1. Can you put THR36, THR159, THR101 in order of Cβ neighbours within 10 angstrom, beginning with the fewest?
2. Which pairs in the list LYS50/LYS112; LYS50/LYS100; LYS62/LYS112; LYS20/LYS62 are over 25 Å apart, alpha-carbon to alpha-carbon?
3. Hey, can you grab everything whose amide H is under 5 Å from the amide H of GLN77? Only 5+ residues off in sequence or another chain; H modelled, so Pro and N-termini drop out.
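What follows is calculated from the coordinates using simple rules that are stated; it is not laboratory data. Model, not experiment: these values are computed from the prediction. Every residue, glycine as well, gets a Cβ built from its backbone with ideal geometry; the counts of neighbours run over all protein chains shown.
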Amino acid sequence: MINKDVKFRLEDTDDSLYFKDDINGYAMYYVDKELTKAYSGEIYSIFKGKIESEAQYINGSKNGLEYIYYSNGDLEQINECRGNVIFGVSKEYDENRNIKTASIVYNNNHLKVIEVDRILDEYNIIDYREKRHESGLPSYMEYLLNLSNDELVNYEFKTDNPNLII
């Protein structure tokens, strides 16, 4: 996970960072009231004393890994993000910390979703939209779509993935 000692905490109400919405309505964070100095670092959100999520930000927007947690603190989801949207691999976990789904997501659009069936020890493709973006997919999306189901489920997230920075 991300080092909690070097990030801003956004609690129920917190004015330590300033923000404005980007063109898609997602928050871009700044360190000054004039909104001229974009924030780079990590942010984690706390609600009623519990961490809900944490994410990497570069130049004010979510660029890197995002972690979302269940109310008991266990990991619920990891997303690769770029420009404030999910861009890359996303994995969801059940309450027992097992992978439920592994997905390839392009600008918040799921291109492929694999459900992991632990009982039958198999993968079920529950969504695959290979023809949805027939041309013009970034090379990183093409690379991910060429991963086998097993490679996608076992995909290792990297905090320094250059494909997540714009």
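1. Details: THR36 9, THR159 12, THR101 20.
In order of increasing Cβ crowding within 10 Å: THR36, THR159, THR101.
2. Flagged as over cut-off: LYS50/LYS112.
3. ILE68, TYR93
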